Amino acid sequence: IAGITQAPTSQILAAGRRMTLRCTQDMRHNAMYWYRQDLGLGLRLIHYSNTAGTTGKGEVPDGYSVSRANTDDFPLTLASAVPSQTSVYFCASSDEFSNQPQHFGDGTRLSIL
Amino acid sequence: GESVGLHLPTLSVQEGDNSIINCAYSNSASDYFIWYKQESGKGPQFIIDIRSNMDKRQGQRVTVLLNKTVKHLSLQIAATQPGDSAVYFCATTDGGTSYGKLTFGQGTILTVHP
């Protein structure tokens, strides 16, 4: 089934550790996005990539980095995790970086202790 | 900055009734609007979208209405079913620096009682 695959589905991590959340899409979409979802705050954009090889900052980029080496993969890295990064993380993609629907994965639930 | 909000955080309806979920936005430059449904443990699922050159768009059992004068968006679900129970989010972008970037509202919890 075509779509977005995120891994892991959940993780408990000690503060200060490095963590990479994986995201792969098989729709050959040019644009990809990372969001975090916190209760009462909705989804907030962390980073995005409008095409392979380029990335940009969203609303809440601090403490996170991304790379886009190819069309299909868009990993999100927490270099040194802090408790405030406890959240549910969603990866999304769209055909182009424009005003059109984004398609979401089922998320990674991350707890930082 | 742009904000997107919802009038009601929760909505309870009886099966078969029509549901209306509302959303207010603050940026008059917003030109693209989208509704998502999110079930527990899942990612947001696209329902319907509308662009600022329209004021109504219909899908299967859903209708989105856009009132740019008062910056208001609504999602109407006809003959609501228990499977419609979920959190519904509106989101918007504008043609300026946030082009292509969605700003989400906080969500409305819809509960459908059999």
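Looking at the range A:1-109, the strands (runs of 3 or more DSSP E) lying wholly inside it that each contain 2 or more residues that are under 24 Å from B:Gln45 (Cβ atoms) sit at A:4-7, A:10-13, A:19-25, A:31-38, A:42-51, A:87-94.
Listed here are the strands (runs of 3 or more DSSP E) enclosed by the range B:39-114 that have at least 2 residues being crowded, with 18+ Cβ neighbours inside 10 Å: B:45-51, B:62-67, B:72-77, B:86-94, B:108-113. Being within 9 Å of chain B (Cβ to nearest Cβ), open to solvent by less than 40 Å² (accessible area, probe 1.4 Å) and either farther than 23 Å from B:Trp35 by Cα or among the charged types (D, E, K, R) (or both) is the requirement here; does A:Gly56 meet it? Yes; evaluated as a whole, the condition is true for this residue.
Kindly provide the set of residues from the range B:24-36 that are more than 11 Å from chain A (Cβ to nearest Cβ) and part of a strand (DSSP E or B), ordered by number. Break it down into steps so the answer makes sense when it comes.
First pass over the range B:24-36, keeping only residues more than 11 Å from chain A (Cβ to nearest Cβ): B:24-29.
Listed by number, the residues that qualify are B:Ala24, B:Tyr25.
The numbered conditions (1) surrounded by 14 or more Cβ atoms within 10 Å (Cβ to Cβ); (2) within 22 Å of A:Asn30 (Cβ to Cβ); (3) not aromatic (Phe, Trp, Tyr) are all true for A:Ser87 except (2).
The values are calculated or read from the model by the stated rules, or taken from the named source; none is laboratory data. In this text, all values refer to a predicted model and were calculated from it rather than measured experimentally. Neighbour counts are summed over all protein chains in view; Cβ atoms, including those assigned to glycine, are modelled from backbone coordinates with ideal geometry. What goes into the accessible areas is simple: the full protein's heavy atoms, side chains included, and nothing from ligands, DNA or RNA. Shrake-Rupley method; radii C 1.70, N 1.55, O 1.52, S 1.80 Å.
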